[in-house]
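Shown next, in structure tokens, is the structure this report addresses.
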Amino acid sequence: MHVHQKSDHADPRRVISMQRIVETPDFSSALKEEVAAYNNALFVHSPSFIKRDAFGKISSIPHETFSDFEPNPDYESIVEGAEVFRAKNCDCLVSIGGGSSIDVAKGIKHILKNRDIVHIAIPTTSGTGCESTQFAVVYKEGVKQSLDSEELLPNVAILDGSLVLSVPDFQKRCTSLDAMCQCIESHWSMNSTEESREYSMAGLKMIISNHKSYLANDPDAGRNMMCGANLSGRAINITRTTAPHALSYAITKEYGIPHGCAVALTVIQFWDLLLSNLDETTHPAGKKFMEERLNELSCAFGGKGLSDGLNMADNVIAELFPSMNAHAGDAQMILSEINTDRLKNYPLNLKSKELERIVSQVIIQS
């Protein structure tokens, strides 16, 4: 087992403020070590996790369980989870699963208003990297609410690549696309820093190098994809996402297209738009800085110049994109639901006609 703690920036996989990251081939042994100092952990996971072989490895750890929530968890479920934590005298949180499970645990900590509660996050998908972000999504009365606070960053993230090998092919593809797009968006974001760019570039290279073997259930690729997704989360924890994510939520809501796929539908168009309008970039560092960022993205996908990596990136996305039915829709409906805050992170002033053109390219007009 390797324990990665805060250090210098020589290895971008190793550093994240206020969090300890444990990379291990045996998550159960790592978890037992982490909870040894506590009396009663609250395990937060989906009901389906109990059916997985992995659950048996940790079932002997003293704990209570909370799994009474759905994907895209609502506020009432999180309140219920906080009540279980109090009623059972729990003294630490352990979230195991995808984004929903980890977000529920973050929400429970938010409701309990006790920053000293230790949260140990164990992802079972290679997607959002939410085990290393300080934000969460919950729904209150059907309306999406975003939580964003330094206190919500899990104290420990345990990464075990074996947990993602049994993920269905469709989900592997969707989550891989999400992680890839997070790296791309973070790299060109208005909020990017030297640290975030180390994370986004290292994560992107891991995902590009391993995605095919990951789909073939190669154990080394599974471990690398989990690390790549974690790096994508660490990158957006600094920068937040940009325009492709801003559109994705409405696309998912209106047509049921999985989140990672919804993001991937427009990321190439927004990359091309930025490349074609470098003279108009709104990034304070100017055109040359943005050229360097896009050149780095192009080279990561195998390009030898500023623009030729764009088609290569499009090919990788096409390789990953799962088969699904086409969806008819209205571009104006999508545009009316855009998260405008995320649009501000994109380093170009977006005109309504450009947005409508991009949306129209990726949905079938009814």
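Coordinate-derived values only; no laboratory data. Everything numeric in this text was worked out from a predicted model, so none of it was measured. FYI the Cβ positions are ideal-geometry reconstructions off the backbone, even for glycines, and counts take in every protein chain you see.
If the only charges are +1 at each Lys and Arg Cβ and -1 at each Asp and Glu Cβ, what is the size of the charge dipole of the chain around the Cα centre, to the nearest 20 debye?
180 debye
Of S307, N345, I238, whose Cα points farthest to the positive end of the dipole of the range 169-365 (charges on the beta-carbon: +1 Lys, Arg; -1 Asp, Glu; origin at the Cα centre)?
The residue sitting farthest along the positive end of the dipole is I238.
Simple spin-label model, 7 Å along Cα-to-Cβ: E33 to Q145 in nm?
It works out to 3.8 nm between the two label points.
Quick query: amide H of D74 versus all other amide H atoms, modeled in the peptide plane; which residues come in under 5 Å with a sequence gap of 5 or more or a different chain?
Amide H neighbours of D74: Y139.
Starting from the amide H of T65, placed 1.01 Å from N in the peptide plane, find each other amide H under 5 Å away whose residue is 5 or more places distant or on another chain.
Those qualifying (amide H under 5 Å, at least 5 residues apart or on another chain) are F43.
Taking the Cα centre of the range 169-365 as origin, work out the dipole magnitude from +1 charges on Lys and Arg Cβ and -1 charges on Asp and Glu Cβ, in debye rounded to 20.
With Lys and Arg at +1 and Asp and Glu at -1, about 160 debye.
Give the angle, between 0 and 90 degrees and rounded to the nearest 10, that separates the Cα long axis of helix 219-239 from the longest principal axis of the Cα atoms of the chain.
With rounding to tens, the tilt is 70 degrees.
Which distance in nm do the two modelled labels at N311 and S59 give, with both placed 7 Å along the Cα-to-Cβ direction?
Output for this residue pair reads 5.5 nm.
Assign one of three labels to the range 169-365, namely rounded, prolate or oblate, based on the Cα gyration tensor with a ≥ b ≥ c the square roots of its eigenvalues; rounded applies when a/c is under 1.5, prolate when it is not and a/b is larger than b/c, and oblate otherwise.
Since a/c reaches 1.5 but b/c is at least a/b, the shape of the range 169-365 is classed as oblate.
Grab the other residues whose beta carbon is less than 15 angstrom from that of K113, score K and R as +1, D and E as -1, and report the net.
Once all neighbours under 15 Å are counted, the net charge is 0.
Set the bar at 20 Å for Cα to Cα. Now go through K109/K253; K140/K351; K88/K113; K172/K304; K113/K253; K57/K88 and name every pair that lies beyond it.
Violating the 20 Å limit, Cα to Cα: K109/K253; K140/K351; K172/K304; K113/K253; K57/K88.
How big is the range 298-351 on each of its three principal axes, counting only the C-alpha atoms and giving the largest first in Å?
Cα extents, longest axis first: 38, 32, 15 Å.
In nm, give the distance between the simple-model label positions of R52 and K88, each being 7 Å from the Cα along the Cα-to-Cβ direction.
In this crude spin-label approximation the distance works out to 1.8 nm.
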